[in-house]
Each structure stands twice: as C-alpha cells, then as structure tokens.
Amino acid sequence: MKGAMGLRRAVCPGSFDPITHGHLDIIRRAAGLFDELIVLVIQNKDKKCMFSLEERADMIQRVVKDIPNVKVDVGDGLLVDYLREHDASVIVKGLRAMSDFEYEFQMALTNRQLYEKAETVFLTTSIERMYLSSSIVKQIASFGGDISTLVPAEIIDEVMEKAEKENEK
Ligand code: PNS
C-alpha cells in the first residue's frame, strides 16, 4: 500500500457529475485514513455526462479546499494506468446499497486482474446519504428544484445554471 516514499496514497475515482454530499462524505472519511487522497475525475464510457472532466474537477477543487491532504486530478484512460503512473495501489469507493455492489465488485476484480497491486477499499455511505446520486441531483436541477441539501453550497449555482442551459438546447 505504501508508495516509494512510504506515503499511503489512495485514489478515489468517479464520474462526479456533479460531486454530491454523498461523495464529499466518502472523500472526507477516506482522507482521514490515508496520507494522501487523490480524487480522480475519470471517464465512465457508460455514462453521458453533463459537465466536462475539467468542470467537474474544478467544482471538486472548490469543495475540498479545506481538506489539506486531498488533491484533485483528471484522467482520460484506464484507472489502473493512472495508479501505475502515480505510484498508487489503493482505490477507495463508496457503497450505498446492495444495488451498487455487483457493479463495484466487478470493477474491483477487473482492476486487480489488470493490475495485481490494485486493492479496492469500500466505505459504506452514511445512512442519510443512502438515497443520493448525481443523476437524482441532475433530475431535480433540470426541473428547477432545490438541490441545496444534496450538493455542497459552493457548486449549487453552477449546477443550476448548467441544467437551465441544457433545457434550452
Ligand atoms: O462514479 P462512477 O461513474 O460509478 O465511477 C466509475 C469509474 C469512473 C470509476 C469507472 O468507470 C472507471 O474506472 N473508469 C475509467 C476507465 C476504466 O478504468 N475502466 C475499467 C474499470 S473496471
């Protein structure tokens, strides 16, 4: 688990389209477990995203600025290649319900198949965040609803503006 410098570095990958309070909860807790946590915005080819990778990374950066050992980065290839290049082997993911499990389990096994050092650590969601997802946030925002309890305050305006623009298309 330790990198060349003896640093315990973990990567928390995801689409983060956009980051929610659920993600932030996992990020904060994971940051407490490792020396350095890289929040990695990386492409999920199965999803059509509302925000560009850079927009998503910018939003996360604004939200995590008070957590000193968290870095934000963007990746455009395979997660395992990023791990290799950044001397990291731990992947942190949040689990909400059993419905997340099958897919996450498949990804964890595949990543280890591709890179034998890759270990996935699952953190369970906080009960109050169980229902939360980026898709729900986008759905509510596109109807002009109140997302203030779902996403961090720093990004509310950006999400609402983007949803409005998407509606005009
Ligand atoms: O937040 P998500 O969309 O559930 O996260 C999935 C993500 C982005 C972590 C996954 O799709 C991923 O790792 N994408 C990078 C490409 C890759 O390595 N794919 C193989 C995963 S087994």
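Please report, ordered by residue number, the helices (runs of 4 or more DSSP H) entirely within region 1-120 with at least 2 residues that are within 26 Å of Ala153 (Cβ to Cβ).
On the way: elements: 21-31, 53-64, 79-85, 98-114.
In region 1-120, the matching helices (runs of 4 or more DSSP H) lie at 21-31, 53-64.
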Which one is nearest to the ligand (Cβ to nearest atom) among residues in region 102-132 that are at pLDDT 95 or above and basic (Lys, Arg)? Arg112
List every residue pair whose Cβ atoms sit under 8 Å apart, with the two residues 6 or more apart in sequence or on different chains, where the first one lies in region 9-24 and is within 21 Å of Val80 (Cα to Cα) and more than 8 Å from the ligand (Cβ to nearest atom) and the second, anywhere, is part of a loop (DSSP other than H, G, I, E, B) and among the acidic types (Asp, Glu). Arg9/Asp35; Arg9/Asp87
Of the conditions (1) closer than 25 Å to Tyr131 by Cβ; (2) within 10 Å of the ligand (Cβ to nearest atom); (3) of a type in the set (Gly, Ala, Ser), Gly32 satisfies every one except a single condition; which number is it? (2)
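The values are calculated or read from the model by the stated rules, or taken from the named source; none is laboratory data. Here the structure is a predicted model, which is why all the values come from computation and not from measurement. FYI the Cβ positions are ideal-geometry reconstructions off the backbone, even for glycines, and counts take in every protein chain you see.
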